[in-house]
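Notes to accompany the following structure.
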Ligand SMILES: Cc1ncc(C[n+]2csc(CCOP(=O)(O)OP(=O)(O)O)c2C)c(N)n1
Ligand code: SF4
Ligand SMILES: [Mg+2]
């Protein structure tokens, strides 16, 4: 009774009531493994000869941050609109998404961004200024020479480019058919390069003997004059054939209106495809004559498929023996071949199939067997302390270092490899003049993308990418719980009938929404896209958002949930030093 | 991938003493993000009784009332009455109990509160044993589990009690399962429950326990997801005890869920087949009650 009265008089029940928070408990001391944000290398970027930060480009594009995406590309490649059309997309071959559904349409996205950059007039300005002004001479305004000039320009150099022709672009202008790359796009990309203050001197053929004088006038010289010597068949009657690249150049100069009748194109590379596909458009009926089988062709499968769709015919396992004129026609005598195992280089070998012959009557004959360097421009072959062979370039030391690059030194002849060569040259020359000859290898090592050989300008300049872990993220290291299958978006593409009708560009370009949607298919392998899974699932509230994500080690107990729930392997765990 | 949308507000404090990788902590974190600050939490004896902080500390930014083991339902009812008397009817009263405190010792108290249709939200965070006292089996412990009271060859050979059906049998206004691996779904259900004012509501939250289950702490969320993807812990809602909605449908065999866990390591392939059959049977029964097709479990992002 008494208690009852007391309680009713004093309704407040006496309970222990906490007044402090647990914030003062430093639970980080429990930890024996430590998670950390550890951005790694995406396979696409490592496979891109130009070392583009593809995972990041996709991330930015997916967010609609198109300008940032363009600037990210332009740091590593001056030709996104061009490469977005003609690149052989090694990136897509390496894309982790291929193990899930289909690779990301990286080239299509690049084309979209490249075109947008041209439409908007977006460009990069020089990123640094050397203490002493530097001036380079560049021989050849092809993709390698223009890239070398561009990257040197970004590094604050001034450059003069000597070009024998009256227009820039080299093989991009004369060797790639207009249905793959229009003249307009190329011209505008070159114009953007020139905005860095680069000057092209047209109609200026440089001979090897001019080099000594040029080296006196400039701080460095880049030779990117390409392969001017086409490989010959060496059969009787070869003079009846037109050389494929010459022919493509004549078409692009507007010197060829039409070709009629059957045309044989000898070769199995991408140039053979370009020639055959151009012939279709000019009204001829081309047959590709190749000594091995289709699967052995060095041409990219995509190019072969497109050619066949357009009506190009293919003769496999035949090797030309001679060509004879017969009135208006040419009779090509062919030796039948048979597969004969695999050569030491891993390529299929063929051997003559006894005496079996065929003859082929055609109206015109083309060869597309590749080219080699003119002997006077062959890169130096000697071994010397003052000479470095670095994959995409060969560089010789001297008061004005001399670089041979582009197709002269590249193993793969592509526009993107030419960009790689120009970039390597620029970084090597800049290092050589700023830090000294003996620092080149180390400096290029710092700029490496993943395990190499691609190089990054951003890393060279010490940007955030330089700190990225060079380990390439594999599909197994991603967390697929957060992704669902999504169809790859394709741009419009002309039907084979439309394609046969002329030289207009075959592929359409993504609309904005399509580019964003395709870019969001990207897993963003290895890079933080601020999805915040680490922050959301942390039981300790120990992940902080800011610019990037930060782990509060005072509280993190090292459970590792953030590492596992990161969809893209942008975190790692390491043992805590005891 | 669409990033998960989870409210920024934080009511869980750093420095709590939950084990590394504790699923029950993640559960509370999401629960309060959904409910907001106008919430009183009632916690009976359980791990969370400890995680909530030893006097004079608290790990939550909302009031907590610690209660005796068996009394979550009753205590929450009392807090409700007190708040109503003080003219604070809008405050959410959340009972937050473990599986031992819900399936076993607290069942009568819960049953009473639900039968009275008290205006409370009762949450069972389920780690499938008495974890705070050292992994003793509860009636929530699933078939096949080794615990300290079902050790070695004496592993548990009875099935997990179906608590959701128990609640459905009370014709409770709203009951739902939720998982820490599916925060958006979980937060939606907590908000739905909060907004169903005036009635008793029940949420059954799957909360993996790396310490008690013998799994590496980094797999906490992954395992919770696997439980859903194998139909071991389907996500669904029941309104008024009769209207069922399935939120997910698994796409993996139970092996994927069982094999990473120490507590199931002893199971033979035949045992795992038995468990698969039980899971399939439960799933069929549940499917039969639900209207409309479920969504697929993995498609959350
Ligand atoms: C009446 C009573 N019996 C036993 C205990 C000891 N005890 C405290 S917590 C706990 C286990 C609780 O298990 P569960 O409810 O599943 O929560 P968990 O610890 O697993 O989170 C026990 C047995 C107690 N506090 N009160
Ligand atoms: S998913 Fe994206 S980041 Fe990953 S490899 Fe493909 S393009 Fe690169
Ligand atoms: Mg428990």
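Summary of values
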{"item": "Scan of region A:60-105 for residues that are more than 15 Å from residue A:49 (Cα to Cα) and either assigned to a loop (DSSP other than H, G, I, E, B) or in the same structural domain as residue A:421 (by TED's automatic domain parsing) (or both), ordered by number", "result": "A:63, A:64, A:65, A:100, A:101, A:102, A:103, A:104, A:105"}
{"item": "Single residue of region A:548-559 satisfying the filter (buried (at least 22 other Cβ atoms within 10 Å of the Cβ) and in contact with a strand residue (DSSP E or B) (Cβ under 8 Å, 6 or more places away or on another chain)) that is nearest to the other protein chains (Cβ to nearest Cβ)", "result": "A:558"}
{"item": "Single match in A:425, A:418 (criterion: in a helix (DSSP H, G or I) and out of contact with any strand residue (DSSP E or B) (no Cβ under 9 Å at 6 or more places or on another chain))", "result": "A:418"}
{"item": "Selection from region B:189-235 of residues that are over 15 Å from the mean Cα position of the chain (by Cα), away from chain A (no Cβ under 14 Å) and either at pLDDT below 95 or over 13 Å from residue B:126 (Cα atoms) (or both)", "result": "B:191, B:192, B:194, B:195, B:196, B:197, B:198, B:199, B:200, B:214, B:231"}
{"item": "Answer residue from region A:465-494, given it is part of a helix (DSSP H, G or I) and touching a residue at least 12 places away in the same chain (Cβ under 8 Å) and is farthest from the other protein chains (Cβ to nearest Cβ) among those", "result": "A:466"}
{"item": "Any chance residue B:167 is away from ligand 3 (no atom under 13 Å from the Cβ) and either more than 30 Å from residue B:84 (Cβ to Cβ) or touching a helix residue (DSSP H, G or I) at 6+ places or on another chain (Cβ under 8 Å) (or both)", "result": "yes"}
{"item": "Residue A:568, sole failed condition from (1) more than 7 Å from chain B (Cβ to nearest Cβ); (2) crowded, with 24+ Cβ neighbours inside 10 Å; (3) closer than 23 Å to residue B:60 by Cβ", "result": "(3)"}
{"item": "Subset of region B:119-139 [surrounded by 23 or more Cβ atoms within 10 Å (Cβ to Cβ), within 16 Å of ligand 3 (Cβ to nearest atom) and away from chain A (no Cβ under 14 Å)]", "result": "B:122, B:123, B:124, B:126, B:128, B:129, B:130, B:131, B:135, B:137, B:138"}
{"item": "Qualifying residue in region A:495-516 (condition: in a loop (DSSP other than H, G, I, E, B), within 14 Å of chain B (Cβ to nearest Cβ) and surrounded by 21 or more Cβ atoms within 10 Å (Cβ to Cβ))", "result": "no"}
{"item": "Test: residue in region B:107-118 that is farther than 24 Å from residue B:197 by Cα, surrounded by fewer than 22 Cβ atoms within 10 Å (Cβ to Cβ) and more than 16 Å from ligand 2 (Cβ to nearest atom)", "result": "no"}
{"item": "Members of region A:19-42 found to be surrounded by fewer than 17 Cβ atoms within 10 Å (Cβ to Cβ), more than 7 Å from chain B (Cβ to nearest Cβ) and not in a loop (DSSP other than H, G, I, E, B), listed by number", "result": "A:29, A:36"}
{"item": "Answer residue from region A:517-528, given it is more than 8 Å from every other protein chain (Cβ to nearest Cβ) and assigned to a loop (DSSP other than H, G, I, E, B) and is surrounded by the fewest Cβ atoms within 10 Å (Cβ to Cβ) among those", "result": "A:528"}
{"item": "Some residue of region A:400-410 being over 22 Å from residue A:168 (Cα atoms) and modelled with pLDDT under 95", "result": "no"}
{"item": "Any hit, region A:435-447, residues being within 16 Å of ligand 2 (Cβ to nearest atom) and either at pLDDT 95 or above or outside the structural domain of residue A:422 (by TED's automatic domain parsing) (or both)", "result": "no"}
{"item": "Matching helices (runs of 4 or more DSSP H) fully within region B:1-117 where at least 1 residues are more than 11 Å from chain A (Cβ to nearest Cβ), in contact with a strand residue (DSSP E or B) (Cβ under 7 Å, 6 or more places away or on another chain) and under 28 Å from residue A:479 (Cβ atoms)", "result": "B:23-35"}
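Matching residues to (1) within 16 Å of ligand 1 (Cβ to nearest atom); (2) crowded, with 24+ Cβ neighbours inside 10 Å:
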| residue | (1), (2) |
| --- | --- |
| B:149 | yes, no |
| B:154 | no, no |
| B:175 | no, yes |
| B:194 | no, no |
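The values are calculated or read from the model by the stated rules, or taken from the named source; none is laboratory data. Remember, predicted model here, so these are calculated numbers, not experimental data. Neighbour counts are summed over all protein chains in view; Cβ atoms, including those assigned to glycine, are modelled from backbone coordinates with ideal geometry.
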